[in-house]
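Engineer: Next up is a structure, given as structure tokens.
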Amino acid sequence: MAEVITTPDGALIHAVEEYNVEEEPYYLPIGDEIALFETAYAQRIPVLLKGPTGAGKTRFVEHMAWRLGHTRGANRKPLITVACHEDLTASDLVGRYLLDTDGTKWVDGPLTRAVKVGAICYLDEVVEARKDTTVLIHPLTDYRRLLPIEKLGQVIESADGFLLVISYNPGYQSALKDLKHSTRQRFISIEFDYPPKDQEAEIIAHESGVDKQTATDLAKLGEKVRNLREHGLSEGVSTRLLIYAARLMVNGIPARRACQVAVTWSLTDDQEVQRSIEEVVTSIFE
């Protein structure tokens, strides 16, 4: 379920997605990432996922939550996802006192709930959070597996099954927003990149319902556009955007127009780079 926590005056504190993954999310393995994650989970080793936007990090976590629950006979594994941002505070993660009609009450934050129920807690784009906030997770990432809650004067031990997973996109980070070494060295790191052309075509076809040839052409487009990074494009086109283009095509939008709105205009506002992308699109979708 999606939950939005607000203060009594209506100010947004954080948005949290919390649910049991009951149906298998589609995920096509590219390497040994599934075996690595399963082993890390069994050994209680926190996991860092790093890679470009739209390369499948979030889908991978969802798939692993389903897989870990299913293989253990529970058919579900709680997954709590937090989209990190620069205003994210320690209280947003751990919890805070809130006023209601009956007075003041304590409300657990998403990290505290995950620790208590033994869920996977996924902090997406963790470097966007304040550095003093990320230090909070350190006791959860070593042999202690503890969460101190200063406002309550409590220290909570992680329930069996709890795993902390964080992600970030190294290509977007400046020196000011890089992950601290004291944090990075508490995780094993699994690197994600866009899949090889054949596998990307398979993903596009599955996720959009487009025919195999069009999926292959879109994967070819993705490969060629990513080569433009050396010519002014800050980041290559994501698999996600290629799927969006495919879905538009399946629903009757002409191929070149679908690529224009889902790829060209989504990637850049630079008209020269846009023209370069349009040339690639035209060469593939005549």
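Engineer: Which residue pairs have Cβ atoms closer than 9 Å, lie 6 or more positions apart in sequence or on different chains, and pair a first residue in the stretch 112-128 that is under 12 Å from Ala159 (Cβ atoms) with a second residue that is of a type in the set (Gly, Ala, Ser) and part of a strand (DSSP E or B)?
Structural biologist: Within 9 Å, the pairs are Thr112/Gly95; Arg113/Gly95.
Engineer: Next up: Restricting to the stretch 263-275, name every residue that is outside any loop (DSSP other than H, G, I, E, B), touching a residue at least 24 places away in the same chain (Cβ under 8 Å) and either among the β-branched types (Val, Ile, Thr) or in contact with a helix residue (DSSP H, G or I) (Cβ under 6 Å, 6 or more places away or on another chain) (or both). Even if it seems obvious, please write down each step before you answer.
Structural biologist: Step one: list which residues in the stretch 263-275 are outside any loop (DSSP other than H, G, I, E, B), which gives 263-267, 271-275.
Checking the rest, the ones that are also touching a residue at least 24 places away in the same chain (Cβ under 8 Å) come to 263, 266-267, 272-273.
Val263, Ser266, Val273, listed by residue number.
Engineer: Just to check your reading of the model, which residue among Ala129, Ala175 is over 19 Å from Thr81 (Cβ atoms) and modelled with pLDDT under 90?
Structural biologist: Details: Ala129 fails: over 19 Å from Thr81 (Cβ atoms).
Sole residue among the options that is over 19 Å from Thr81 (Cβ atoms) and modelled with pLDDT under 90: Ala175.
Engineer: Conditions: (1) modelled with pLDDT under 90; (2) over 28 Å from His181 (Cβ atoms); (3) surrounded by 20 or more Cβ atoms within 10 Å (Cβ to Cβ); (4) not polar (S, T, N, Q). Gly73 meets all but one. Number of the miss?
Structural biologist: Status for Gly73: all satisfied but (3).
Condition check ((1) surrounded by 18 or more Cβ atoms within 10 Å (Cβ to Cβ); (2) at pLDDT below 95) across all residues:
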residue: His206; (1), (2): no, no
residue: Leu218; (1), (2): yes, no
residue: Leu221; (1), (2): yes, no
residue: His231; (1), (2): no, yes
residue: Ser234; (1), (2): no, yes
residue: Ser238; (1), (2): yes, yes
residue: Leu242; (1), (2): yes, no
residue: Asn251; (1), (2): no, no
residue: Ala255; (1), (2): yes, no
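Engineer: Here's something else I'd like to know. Given the criteria out of contact with any Gly (no Cβ under 9 Å at 6 or more places or on another chain) and of a type outside the set (Lys, Arg), does Leu267 qualify? Explain how you work it out, then say what you get.
Structural biologist: Numbers: out of contact with any Gly (no Cβ under 9 Å at 6 or more places or on another chain): no; of a type outside the set (Lys, Arg): yes.
Spelling it out, it is not the case that Leu267 is out of contact with any Gly (no Cβ under 9 Å at 6 or more places or on another chain) and of a type outside the set (Lys, Arg).
Engineer: Tell me yes or no: at least one residue of the stretch 140-156 is of a type in the set (Ser, Thr, Tyr) and surrounded by 20 or more Cβ atoms within 10 Å (Cβ to Cβ). Step through it out loud before you land on a result.
Structural biologist: Within the stretch 140-156, the subset of a type in the set (Ser, Thr, Tyr) is 141, 143.
Narrowing the set further to residues that are surrounded by 20 or more Cβ atoms within 10 Å (Cβ to Cβ) leaves none.
Scanning the stretch 140-156, I find no residue that is of a type in the set (Ser, Thr, Tyr) and surrounded by 20 or more Cβ atoms within 10 Å (Cβ to Cβ), so the answer is no.
Engineer: Restricting attention to the stretch 31-43, does a residue exist that is at pLDDT 90 or above, among the β-branched types (Val, Ile, Thr) and in a helix (DSSP H, G or I)?
Structural biologist: yes
Engineer: Can you list the helices (runs of 4 or more DSSP H) found entirely within the stretch 88-136 that contain at least 1 residues being assigned by TED's automatic domain parsing to the domain that holds His181 and basic (Lys, Arg)? Quick ask: steps written out before the conclusion?
Structural biologist: Numbers: elements: 90-94, 110-117, 131-134.
Per the criteria, 110-117, 131-134.
Engineer: Condition first: modelled with pLDDT of 90 or more and out of contact with any His (no Cβ under 7 Å at 6 or more places or on another chain). Can you find one or more residues in the stretch 7-21 that meet it?
Structural biologist: Within the stretch 7-21, none of the residues are modelled with pLDDT of 90 or more and out of contact with any His (no Cβ under 7 Å at 6 or more places or on another chain).
Engineer: Condition first: out of contact with any helix residue (DSSP H, G or I) (no Cβ under 8 Å at 6 or more places or on another chain) and either crowded, with 20+ Cβ neighbours inside 10 Å or not in a helix (DSSP H, G or I) (or both). Can you find one or more residues in the stretch 276-286 that meet it?
Structural biologist: Checking the stretch 276-286: at least one residue is out of contact with any helix residue (DSSP H, G or I) (no Cβ under 8 Å at 6 or more places or on another chain) and either crowded, with 20+ Cβ neighbours inside 10 Å or not in a helix (DSSP H, G or I) (or both).
Engineer: Here is a list: Leu248, Leu233, Leu218. Which entry is outside the structural domain of Ala55 (by TED's automatic domain parsing) and outside any helix (DSSP H, G or I)?
Structural biologist: None of the others qualify; the one that does is Leu233.
Engineer: Right, Lys57: under 27 Å from Ile204 (Cα atoms), at pLDDT 90 or above and in the same structural domain as Glu157 (by TED's automatic domain parsing) or not?
Structural biologist: On the way: under 27 Å from Ile204 (Cα atoms): yes; at pLDDT 90 or above: yes; in the same structural domain as Glu157 (by TED's automatic domain parsing): yes.
The answer is yes for Lys57.
The values are calculated or read from the model by the stated rules, or taken from the named source; none is laboratory data. The structure displayed is predicted, hence computed values, not measured ones. Cβ coordinates were reconstructed from backbone atoms using ideal geometry, including for glycine residues, and neighbour counts include every protein chain displayed.
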